[in-house]
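Presented below is the structure to which this report refers.
The values are calculated or read from the model by the stated rules, or taken from the named source; none is laboratory data. Bear in mind the structure is a predicted one, so any value in this text is a computation, not a measurement. Methodologically, a virtual Cβ is constructed for each residue, glycine included, from the backbone with ideal geometry; neighbour enumeration extends over all protein chains shown. Just so you know, the surface numbers come from the protein's heavy atoms only, side chains and all, with ligands and any DNA or RNA stripped out. Shrake-Rupley method; radii C 1.70, N 1.55, O 1.52, S 1.80 Å.
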Amino acid sequence: MSAPDWTGPYRDRAVVLRTYRLGEADRIIVLLGRDHGKIRGVAKGVRRTRSRFGSRLEPASHVEISLWRGRGELDTITGADSAGDIEQLSALREDLALFGRAMAMLEAVDRLTLERTPVPELYERLLRGLGSLVTHPSTLSVGAFLWRLAQLEGVAPDVGGCVHCDSGVELVALDLAHGGLTCRRCRPVAAPAVDVETIAVLREILGGQLAEALARPASPATDAVERLGVAVLEQHTERRLRVPPLLGAVGGVPDSDAEARGRRPHR
């Protein structure tokens, strides 16, 4: 990454995507800022018990952040104040199941964003997605978020008809390599199967009927939509996502043990 074209103090409103240790007492904080895009900053001494703002820089926190941009790749975090919706987002860390799903959203955004490149629409979408986990919990919260994220990136597969022959009948699989549904006749051997209900859910999510999709009860179709969303983003980034294993294998239904493991938060 090239050096920044300016140095000095700046502020932003941001969501904490992830953190990791640096040295004995410091921590690197990765944030998605409303105005500055993805930021990597060092919070010095934040792991000490008397740190002024350590508790405000946990994943899924929403903060007013103050930083100093130098010539290196890492900026220095000089202050952090909780943003106005602290009660709502702090509830995510009090529920392990919700926190695991929030981490899936955060990781997907982290993988798809470039440093110091503003993406205000993605910032707003992430903030709404995290908030909806608390205010409007749905079995499709993560799945819908991943598919809308793919749509925003311009990589959402075509769910209107067969990507090979344009047929609208006997659509039976999702061809990830070619970016769309495929009919029975054109289906590649490795393409994961989809059923009629799964296709209906995908069309609701991508076709402007998100509320209808989120109102659906849990089913094999909602499970499939979630796992296929992960597969689409992995195809795009060419990297595996370390999302909670509650998503299971593409095309399958996660077992109870996998669901239980998925409720443990990732750090």
Study note, to complete from the structure: Here, Glu115 and Ala218, labelled 7 Å along Cα→Cβ, have an inter-label distance in nm of 4.0 nm
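Over the range 105-208, give the accessible area per residue in Å² for a 1.4 Å probe, as an integer. Please list the in-between numbers first.
Working: 4490 Å² over 104 residues.
That works out to 43 Å² per residue.
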Check your understanding: Kirkwood-based Rg over Rh for the range 61-169 (C-alpha set), two decimals?
Key -> 1.07
Study note, to complete from the structure: accessible surface per residue for the range 29-80, probe 1.4 Å, DNA/RNA/ligands not counted, whole Å² -> 43 Å²
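Grab the other residues whose beta carbon is less than 14 angstrom from that of Arg203, score K and R as +1, D and E as -1, and report the net. Intermediate values should be presented prior to the final figure.
Details: positive: Arg148, Arg216; negative: Asp158, Asp195, Glu197, Glu204, Glu212.
Result for the local shell: -3.
Take the Cβ-Cβ distance between Asp195 and Asp166 as r, set R0 to 22 Å, and report the resulting FRET efficiency rounded to the nearest 0.05.
Values: r = 20 Å, r/R0 = 0.93.
Computed FRET efficiency for Asp195 and Asp166: 0.60.
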Review point. So how much accessible area does Tyr20 have, in Å² to the nearest 10, using a 1.4 Å probe?
Key: 70 Å²
Review point. Using a 1.4 angstrom probe and counting only protein chains, how large is the accessible area of Arg242 in Å², to 10?
Key: 140 Å²
Review point. Across the range 166-176, in residue order, what do the Karplus-derived ³J(HN,Hα) couplings come to in whole Hz, using 6.51 cos²θ - 1.76 cosθ + 1.60 with θ = phi - 60° and x for Gly and Pro?
Key: 6, 5, x, 10, 6, 7, 10, 7, 10, 8, 5
Exercise for review: Pop out the carbon and sulfur fraction of the accessible area of the chain as a percent, whole number, probe 1.4 Å.
Suggested key: 49 percent
Practice item. Name the long-range amide H neighbours of Gly180: under 5 Å, sequence gap of 5 or more, or other chain; modelled H, no Pro or chain starts. Key: Asp158, Asp175
Revision key, fill the gap. Expected field for Leu210, accessible surface area in Å² at 1.4 Å probe radius, rounded to 10, holds 50 Å²
Study note, to complete from the structure: Amide H proximity to Ser61 below 5 Å, modelled H, separation 5+ or other chain, gives Val16
Point to revise | Among (i) 17.4, 56; (ii) 19.8, 65; (iii) 19.4, 74, the entry derived from the coordinates for Rg and Dmax of the Cα atoms in Å | key: (ii)
Exercise for review: Starting from the Cα-Cα distance between Glu238 and Glu153, subtract it from 0.36 nm times their residue separation and give me the gain in nm to one decimal.
Suggested key: 29.2 nm
Review point. Taking H as built 1.01 Å from N, whose amide H comes closer than 5 Å to the amide H of Gly79, not counting residues under 5 places away?
Key: Ser66
Review point. How many nm is it between the label spots at Ala91 and Arg48, if each spot is 7 Å from the Cα in line with the beta carbon?
Key: 3.6 nm
Check your understanding: To the nearest 500 deg cm²/dmol, what mean residue ellipticity at 222 nm is calculated for the chain from DSSP H runs of n ≥ 4 alone, each contributing -39,500 (n - 2.57), summed and divided by the residues?
Key -> -10500 deg cm²/dmol
